[in-house]
């Protein structure tokens, strides 16, 4: 039988993480599962994860209307007590609030880490374009719902808590600047104020659920951009769940990437270990801080 | 019993039209049906329609490989004996050949009319960007395969042959400059050399087979463009065959268009009579020539 030690302080969290949902919603059960998983996995290094109630709202497609999603993101970003803002899931919606939200951010917002991928890339791109130092492409809470998703979420948390090198995409460990995006999302922010300067970066690209002809068209648009043509090279992440078209496209996703890189005079640098799956690794934007 | 009049000249065609397929293929039966329909419908004003054999090729997704599609388009455009180039169908592929093809065009190519829509917009946009005077958004041969498609194809031919005013989208009959595009295709050419100057134009936009969240994202990208923000206004054509998503979007296509126009400071000018259907009207780019 154990007695409570009256002298013990409540264990201080390693870091404080705010979870917001700029696109689509999650449910309360996932939030609880996330908090329990983090506590059980990281023990004395466990973070405090504060899931903003906005994550549970619903307004048509979105986790609350534009005003609610914007407000939650700005609150989390501007609150100096949080070390990180973590996007609960993707699912379209970030671009609707990104520009207005970024215009409201304060000095404290620059000191924290922002972690997400997929649709979240609209905000990550906009933050990076505004000189934010700790922008990270990697797993998010909703990945817990994938089979084996605990490994992905642990990878993201280990990066947020301890900058664990084993969380990193291997290529991102080497010298040089990196950025990572969903292809469809990157295409949608080109030419907008959310588009960051990609010159000299290794650009990692992934996508999910797109017909190959759509991938081809998106890579036409992306590789036509002068900004993208200034990258050090492109690495192709995983292109998963490609729907079957009424006629086969006639080229693989890698052949498509090589085709457009060759046309645009961009170096194709092989594959990247990112994608909409549990193997998705962490890619900090810019040069790796050691 | 009729005897052949030995003195009769073979009837001269009203105009000569070259049909090429920069995206996907058509079959020979459609070409024959098109030629017979044009002859039967326009009688003494019937055009000669020359369907390039490239239209029947197949290479994966496309009507022949890039080289074959580029060659056919350039041959047709550069041949001074043709009055018009008509795109057989859409279906993705024009952007793969557009820039290289346009670089090969000669002076004769500037004297003819180019007619198409959907994926063809990548070439139409590029031609208009290069100052071509007769670029037209309107029905194409494959529309014959729609129920009631004869009316659409007749409308296109009546424009090509006689500049028939009854073929026109009503708004395009009034003063001012116009342009019309498929939304997804316009998004893909923004920032490329295929993007025309749209300042002062009424911009008509249509799409087919896209989820509303994709439409929303595309309109974010399009209305973020400084070029698009210089238009006189946007008119929304038909958005047809919208797939049902796992969650309803929560806004109609018109509400989406109004939302992004309002955000971008673009005047929303109501609906346009264009779309992927048999009612699709003819929209000549630029100011209407009378």
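The values are calculated or read from the model by the stated rules, or taken from the named source; none is laboratory data. All values derive from a computational prediction rather than experimental measurement. Note: ideal-geometry Cβ built from the backbone for every residue, glycine included; neighbour counts use all protein chains shown.
May I ask you to list the residues in the range A:1-16 that are more than 14 Å from residue A:42 (Cα to Cα) and either outside any loop (DSSP other than H, G, I, E, B) or modelled with pLDDT of 60 or more (or both)? Reasoning before the result, please.
At the first step, the residues of the range A:1-16 found to be more than 14 Å from residue A:42 (Cα to Cα) are A:1-10.
If the condition is that a residue be more than 14 Å from residue A:42 (Cα to Cα) and either outside any loop (DSSP other than H, G, I, E, B) or modelled with pLDDT of 60 or more (or both), then A:9, A:10 are the ones that fit.
If the requirement is being at positive phi and surrounded by fewer than 21 Cβ atoms within 10 Å (Cβ to Cβ), which of these qualifies: A:191, A:176? Full working, then the answer.
On the way: A:191 fails: surrounded by fewer than 21 Cβ atoms within 10 Å (Cβ to Cβ).
Checking each option against the conditions leaves just A:176.
Let me spell it out: the conditions are (1) in contact with a strand residue (DSSP E or B) (Cβ under 6 Å, 6 or more places away or on another chain); (2) under 26 Å from residue B:221 (Cβ atoms); (3) buried (at least 23 other Cβ atoms within 10 Å of the Cβ), and residue A:89 meets all of them except one. Which number is the exception?
Here residue A:89 meets the rest and fails (1).
So, of the residues in the range B:58-67 that are more than 8 Å from chain A (Cβ to nearest Cβ) and closer than 18 Å to residue B:100 by Cβ, which turns out to be surrounded by the fewest Cβ atoms within 10 Å (Cβ to Cβ)?
From the range B:58-67, those more than 8 Å from chain A (Cβ to nearest Cβ) are B:58, B:63-67; that's our starting set.
Filter once more, keeping what is closer than 18 Å to residue B:100 by Cβ: B:63-67.
Numbers: B:63: 25, B:64: 23, B:65: 16, B:66: 17, B:67: 11.
Across the range B:58-67, the extreme among qualifying residues is B:67.
Looking at the range B:148-230, what helices (runs of 4 or more DSSP H) fall wholly within it and have at least 2 residues that are in contact with a strand residue (DSSP E or B) (Cβ under 7 Å, 6 or more places away or on another chain)? Break it down into steps so the answer makes sense when it comes.
On the way: elements: B:149-162, B:183-189, B:212-224, B:226-229.
In the range B:148-230, B:149-162, B:183-189 are the helices (runs of 4 or more DSSP H) which contain 2 or more residues that are in contact with a strand residue (DSSP E or B) (Cβ under 7 Å, 6 or more places away or on another chain).
Counting only residues that are over 18 Å from the mean Cα position of the chain (by Cα), without any contact (Cβ under 8 Å) to a residue 40 or more places away in the chain and in a loop (DSSP other than H, G, I, E, B), which one in the range B:70-113 is nearest to residue B:156 (Cα to Cα)?
Result: B:80.
Kindly provide the set of residues from the range A:96-141 that are surrounded by 24 or more Cβ atoms within 10 Å (Cβ to Cβ), out of contact with any strand residue (DSSP E or B) (no Cβ under 7 Å at 6 or more places or on another chain) and either away from chain B (no Cβ under 14 Å) or modelled with pLDDT under 95 (or both), ordered by number.
A:139 - this is the single residue of the range A:96-141 that is surrounded by 24 or more Cβ atoms within 10 Å (Cβ to Cβ), out of contact with any strand residue (DSSP E or B) (no Cβ under 7 Å at 6 or more places or on another chain) and either away from chain B (no Cβ under 14 Å) or modelled with pLDDT under 95 (or both).
Would you call residue A:226 over 17 Å from the mean Cα position of the chain (by Cα), within 14 Å of chain B (Cβ to nearest Cβ), surrounded by fewer than 24 Cβ atoms within 10 Å (Cβ to Cβ) and free of Cβ contacts under 8 Å to residues at least 40 places away in the same chain? Talk me through it step by step, then tell me what you get.
On the way: over 17 Å from the mean Cα position of the chain (by Cα): yes; within 14 Å of chain B (Cβ to nearest Cβ): yes; surrounded by fewer than 24 Cβ atoms within 10 Å (Cβ to Cβ): yes; free of Cβ contacts under 8 Å to residues at least 40 places away in the same chain: yes.
When the stated conditions are applied, residue A:226 passes them.
So which residues in the range A:237-247 are under 25 Å from residue A:143 (Cα atoms) and not in a strand (DSSP E or B), if there are any at all? Write out each step before concluding.
Here is the first cut: in the range A:237-247, the residues under 25 Å from residue A:143 (Cα atoms) are A:237-244.
The answer is A:241, A:242, A:243, A:244.
Of all residues in the range A:248-290, which are within 15 Å of residue A:137 (Cβ to Cβ) and not in a loop (DSSP other than H, G, I, E, B)?
Listed by number, the residues that qualify are A:282, A:283, A:284, A:286, A:287.
In the range A:229-251, how many are touching a helix residue (DSSP H, G or I) at 6+ places or on another chain (Cβ under 6 Å) and within 9 Å of another protein chain (Cβ to nearest Cβ)?
Residues in the range A:229-251 being touching a helix residue (DSSP H, G or I) at 6+ places or on another chain (Cβ under 6 Å) and within 9 Å of another protein chain (Cβ to nearest Cβ): 1 in total.
When the range A:236-248 is examined, which residues are found to be surrounded by fewer than 24 Cβ atoms within 10 Å (Cβ to Cβ) and under 20 Å from the mean Cα position of the chain (by Cα)? Lay out the reasoning, then the answer.
Residues of the range A:236-248 surrounded by fewer than 24 Cβ atoms within 10 Å (Cβ to Cβ): A:238-248.
A:238, A:239, A:240, A:241 - these are the residues of the range A:236-248 that are surrounded by fewer than 24 Cβ atoms within 10 Å (Cβ to Cβ) and under 20 Å from the mean Cα position of the chain (by Cα).
Need the failing condition index for residue A:154 against (1) surrounded by fewer than 23 Cβ atoms within 10 Å (Cβ to Cβ); (2) within 13 Å of the chain's Cα centre (by Cα), just the number.
So the condition that residue A:154 fails would be (2).
If you go through the range B:204-218, how many residues are closer than 24 Å to residue B:136 by Cβ and either facing chain A (nearest Cβ under 8 Å) or surrounded by 22 or more Cβ atoms within 10 Å (Cβ to Cβ) (or both)? Can you show your working first?
Taking the range B:204-218 and keeping what is closer than 24 Å to residue B:136 by Cβ, we get B:204-210, B:218.
Filter once more, keeping what is either facing chain A (nearest Cβ under 8 Å) or surrounded by 22 or more Cβ atoms within 10 Å (Cβ to Cβ) (or both): B:204-207, B:218.
Number satisfying all stated conditions: 5.
What number of residues within the range A:162-190 satisfy the criterion of being at pLDDT below 95 and either within 14 Å of another protein chain (Cβ to nearest Cβ) or in contact with a helix residue (DSSP H, G or I) (Cβ under 8 Å, 6 or more places away or on another chain) (or both)?
1
Take residue A:22 and decide whether it is within 14 Å of another protein chain (Cβ to nearest Cβ) and touching a strand residue (DSSP E or B) at 6+ places or on another chain (Cβ under 8 Å). Don't jump to the end; show me each part of the working.
Details: within 14 Å of another protein chain (Cβ to nearest Cβ): yes; touching a strand residue (DSSP E or B) at 6+ places or on another chain (Cβ under 8 Å): yes.
For residue A:22, the condition - within 14 Å of another protein chain (Cβ to nearest Cβ) and touching a strand residue (DSSP E or B) at 6+ places or on another chain (Cβ under 8 Å) - is met.
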